[in-house]
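Notes follow the structure.
Each value in this text was obtained by applying a stated rule to the coordinates, not by laboratory testing. On a predicted model such as this, the values are computed, not experimentally measured, just so you know. Here the Cβ positions follow ideal geometry from the backbone for every residue, glycine too, while neighbour counts run over all protein chains shown.
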Amino acid sequence: MYKLGITGGIGSGKSTASEYLLLKDGVHIFNADKESKKRLKNSLSLQNKLINIFGNEITNGRKIILSKLASVAFSNQLNQNLLNGIMWPEILLLIDKTIKKKKKEKIKLFIVDAALIFEGNLHTVLDGVLLIKTDVLLRKQRAVKRTNISLLEIEKRMALQMEEDDKEKLADFIIENNYNKENMYKKIESLYKKIL
């Protein structure tokens, strides 16, 4: 089983790349963002830790509201580091557990779709990492179109992410995604054949 990380900044197209590969036989996608939200929803101890750190401005009653949490967590580097310090160890455990399960199921390609693969040291449990690289302006346009987050919020989040140049140095594969989906699919297909 080949374990591939797919990363890239907000709006780069990493989830589009993952969705394309999911159409292949024997592929499993671990979407770090979705899985961390699910984990948070089902863990009272995690919720309490976050409420203790960020206070009631992330809640409605005693219930964490994800949009409020995101707004506070991505407002500055310290808050983002605090959130990641709590969530990343959980995600690493979940990835490890899922890898073991999928090995038994004879999955050929295990993909971790995550914006913060390098920042969270997730690459340490992977065989290779693909960076989807896209022009900043295009990323902003895509992110505004597909999320319900304002341009200002998107720019704040982008400013907190690791520099693209630093990611390039760490990535095993790089695909530029500045054109249409078909163009990217061709590149993904060629990478798929190379790693399997």
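Please give the contour-minus-distance gain from Asp96 to Lys38: 0.36 nm per residue of separation, less the Cα-Cα distance, rounded to one decimal in nm.
Values: separation 58, 0.36 × 58 = 20.88 nm, distance 1.64 nm.
Extending this stretch completely gives an extra 19.2 nm.
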Radius 15 Å from Cβ of Val144, net charge of other residues (Lys, Arg +1; Asp, Glu -1): +4
Relative contact order %, the chain, counting alpha carbon pairs below 8 Å whose residues are six or more apart: 38
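Could you give the length gained on full extension between Lys63 and Asn76, defined as 0.36 nm per residue of separation minus the Cα-Cα distance, in nm?
Details: separation 13, 0.36 × 13 = 4.68 nm, distance 2.27 nm.
Computed gain between Lys63 and Asn76 is 2.4 nm.
Given only helices, namely DSSP H runs of n ≥ 4 each adding -39500 (n - 2.57), what is the per-residue ellipticity at 222 nm of the chain, to the nearest 500 deg cm²/dmol?
Numbers: 9 runs with 110 residues, N = 196.
Value at 222 nm, helices only, nearest 500: -17500 deg cm²/dmol.
Under the 0.36 nm per residue contour assumption, what length would be gained going from the current alpha-carbon distance of Ile86 and Asn178 to full extension?
Answer, rounded to one decimal: 29.7 nm.
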Protection proxy ranking of 46-58, 5-17 - average other beta-carbon atoms within 10 Å, highest first: 5-17, 46-58
